[in-house]
Amino acid sequence: MKFIQNYIGGKLMKPSDDQYLNDYNPATGKVYGRIPDSDEHDVRAAVLAAEAAFPAWSQMPIEERSAILMRVSTLIEANLDRLAEAESIDNGKPVWLAKAVDIPRAAKNFHFYATAIQHFATEAHAMTNQAINYTLREPIGVVGCISPWNLPLYLFSWKIAPALAAGNCVVAKPSEVTPMTAFLLSEICIEAGLPAGVLNIVHGLGPKVGEAIVKHPKVKAISFTGGTKTGAHIASIAAPEFKKMSLELGGKNPNVIFADCDYEEMLKTTVRSSFANQGQICLCGSRVFVERSIYERFKKDFVAKVQKLTVGDPMAEETKVGAVVSQSHQEKILSYIALAKEEGGTILTGGHAVQLEGRCKDGYFVAPTVIEGLSHDCRTNQEEIFGPVVTIMPFDTEEEVLGYANSVRYGLSSTVWTTNINKATRMAQKLDAGIVWVNCWLLRDLRTPFGGVKDSGMGREGGFDALRFFTEPKNVCIKIKQD
Ligand code: NAD
């Protein structure tokens with residue numbers, strides 16, 4: 001049994017009332033660890049530690065701060081195998097995926113912001129013969145970072161790294177469903193020499209620990225990634241207190257395929273954008289719109305490829321689709337498949353839980369599922385499922401597919417497949433989304449703004465946007481006296 005501890009004031013410690021929650025391995029359905037069931041007392045201790053660390057951390061020369069964050073990055077890389085295995089056990093994702101994507105990206109997040117902070121500049125505005133304005137960007141103080149379970153260390157570090165680089169001290173909470181790599185990160189931070197209290201990680205439930213972070217009067221900004229409903233709840237607490245907020249929320253992303261696309265490239269990528277990480281990436285394209293002239297060909301080829309995806313033990317190299325994150329999530333996904341049938345959908349492949357043999361016989365697996373015959377406005381096509389389930393629908397014109405694509409409350413990402421640059425540009429302009437991928441998917445440049453519109457959230461992460469979020473601008477206007 002693995003025991004996770006909180007990381008407060010530079011030390012690993014038990015929760016104040018010594019209560020624990022179970023940590024499940026979703027591939028086996030078995031409890032394999034215990035997580036602190038922390039409460040507001042632990043959050044208070046973490047905020048006190050962060051406050052105490054803030055003066056020295058915020059005033060440390062940037063090169064020194066950067067060097068410490070770089071050491072964290074190097075240690076994540078050095079622990080690649082251990083962290084990837086831990087991520088796979090905690091989340092159910094194939095271990096090769098964690099090794100190729102999740103953990104390298106977590107190292108990259110620290111590396112990126114350790115260097116970005118050295119190039120972050122502020123503005124100056126000259127008023128001819130009158131004054132010069134310059135804008136300082138000062139760290140906010142103590143900030144809260146709350147992250148979800150789908151890309152645990154990847155998204156946790158995506159918030160923490162810019163917050164720390166900008167000179168803030170952080171109280172962070174990973175998802176209680178996947179806390180293990182955040183715990184391992186706390187050990188890495190100690191080894192890297194991160195000063196005590198600069199980063200504090202409090203484990204536990206959202207409504208208890210997460211909400212205590214959001215409510216704490218000394219926490220001045222909240223960076224949150226998770227569901228839209230949780231985001232709205234957090235905003236209802238933080239907005240009246242005028243806390244800064246960055247909210248990265250749910251999605252129901254369209255994947256628009258025109259007949260003039262590079263077919264083979266599109267097909268290969270569409271399998272990935274539909275089912276990578278068991279479809280549990282906020283950026284997955286779960287609504288696939290296909291121009292009618294290639295619809296039947298696409299349907300046949302796509303289903304054939306999806307049927308070849310091996311659902312299996314996340315530890316096995318040949319596994320393409322691992323376990324979904326929990327039993328309750330498996331039930332949610334299966335309930336949406338049942339809804340799709342009620343709404344008149346036809347299951348082309350999948351549509352059921354998968355029962356494996358041996359070690360994984362009690363794990364939570366769902367067959368990659370493709371559904372057709374649904375209208376764009378039914379619940380299956382409007383609500384986020386967040387699992388290995390996609391719908392496919394034909395369309396005839398650009399205008400028509402734009403109407404379908406934009407009909408949802410979400411607006412996170414979208415994908416367009418066409419070799420016609422004018423069509424791609426027109427679509428990119430008109431799609432309701434924070435991110436449009438043309439002839440690719442999940443191609444990420446960390447300098448670019450990342451986030452969504454509509455109910456997919458507010459604010460942008462990535463690049464200097466995150467450093468702007470984690471700093472407060474202060475304009476200084478100096479009058480120039482003319483002799
Ligand atoms: P969730 O909203 O249930 O939980 C996210 C985090 O918030 C967890 O750490 C949870 O403990 C915490 N939380 C829950 N209730 C809280 C409360 N009352 N106060 C404070 N914190 C609270 O989301 P999830 O199920 O972990 O993640 C899946 C969702 O995340 C999906 O909707 C997905 O689209 C979204 N997501 C969005 C992005 C993005 O970048 N936009 C990325 C990944 C996931």
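The values are calculated or read from the model by the stated rules, or taken from the named source; none is laboratory data. Please read all numbers here as calculations on a predicted model, not as lab measurements. Note: ideal-geometry Cβ built from the backbone for every residue, glycine included; neighbour counts use all protein chains shown. Heavy atoms of the whole protein, side chains included, go into the accessibility calculation; ligands, DNA and RNA do not. Shrake-Rupley method; radii C 1.70, N 1.55, O 1.52, S 1.80 Å.
Quick check on Ala45: is it modelled with pLDDT of 95 or more and closer than 29 Å to Ala316 by Cβ?
Judged against the criteria, Ala45 is not a match.
Residue under question is Asp396, and the condition is that it be in the same structural domain as Arg292 (by TED's automatic domain parsing) and farther than 20 Å from Ser88 by Cβ; does it hold?
When the stated conditions are applied, Asp396 passes them.
If you take the residues of region 122-134 that are part of a strand (DSSP E or B) and in contact with a strand residue (DSSP E or B) (Cβ under 6 Å, 6 or more places away or on another chain), which of them is farthest from Leu21 (Cα to Cα)?
Step by step, filter region 122-134, then rank; the result is Ala131.
Restricted to region 228-260, and to residues that are open to solvent by less than 30 Å² (accessible area, probe 1.4 Å) and in a loop (DSSP other than H, G, I, E, B), which residue is nearest to the ligand (Cβ to nearest atom)?
Gly250
Just name the residue that is most open to solvent (accessible area, probe 1.4 Å) out of those in region 447-483 that are among the aromatic types (Phe, Trp, Tyr) and under 15 Å from Phe120 (Cβ atoms).
Of everything passing the filter in region 447-483, Phe464 is most open to solvent (accessible area, probe 1.4 Å).
So which of Ile132, Ile103 ends up being farther than 21 Å from Lys244 by Cα, away from the ligand (no atom under 16 Å from the Cβ) and within 19 Å of the chain's Cα centre (by Cα)?
Criteria check complete, one pass: Ile103.
Restricting attention to region 411-425, and to residues there that are in a strand (DSSP E or B) and of a type outside the set (Ser, Thr, Tyr), which single residue is surrounded by the most Cβ atoms within 10 Å (Cβ to Cβ)?
The qualifying residue surrounded by the most Cβ atoms within 10 Å (Cβ to Cβ) is Trp417.
When the residues of region 429-446 are filtered to those that are free of Cβ contacts under 8 Å to residues at least 60 places away in the same chain and touching a helix residue (DSSP H, G or I) at 6+ places or on another chain (Cβ under 6 Å), which remaining residue is most open to solvent (accessible area, probe 1.4 Å)?
In this case the residue turns out to be Lys430.
Can you tell me which of Val288, Val370, Val325 is in a loop (DSSP other than H, G, I, E, B), β-branched (Val, Ile, Thr) and open to solvent by less than 20 Å² (accessible area, probe 1.4 Å)?
Answer to the selection: Val325.
So, in region 135-163, exactly how many residues are under 22 Å from the mean Cα position of the chain (by Cα), among the polar types (S, T, N, Q) and part of a strand (DSSP E or B)?
Total satisfying the criteria: 0.
Could you check how many residues of region 94-121 are in contact with a Phe, Trp or Tyr (Cβ under 7 Å, 6 or more places away or on another chain) and either basic (Lys, Arg) or not in a helix (DSSP H, G or I) (or both)?
Residues that pass the stated criteria total 2.
Take the residues of region 187-212 that are closer than 17 Å to Ala67 by Cα and open to solvent by less than 30 Å² (accessible area, probe 1.4 Å): which is nearest to the ligand (Cβ to nearest atom)?
Among those residues, the one meeting the criterion is Leu199.
Take region 390-410 and flag every residue that is in a strand (DSSP E or B), within 16 Å of the ligand (Cβ to nearest atom) and open to solvent by less than 10 Å² (accessible area, probe 1.4 Å).
Within region 390-410, Val390 is the sole residue that qualifies.
For region 178-227, which residues satisfy the criterion of being over 18 Å from the mean Cα position of the chain (by Cα), in a helix (DSSP H, G or I) and either among the polar types (S, T, N, Q) or modelled with pLDDT under 95 (or both)?
Listed by number, the list holds a single entry, Ser186.
Could you run through region 164-175 and say how many residues are in a loop (DSSP other than H, G, I, E, B) and in contact with a strand residue (DSSP E or B) (Cβ under 6 Å, 6 or more places away or on another chain)?
So the answer is 3.
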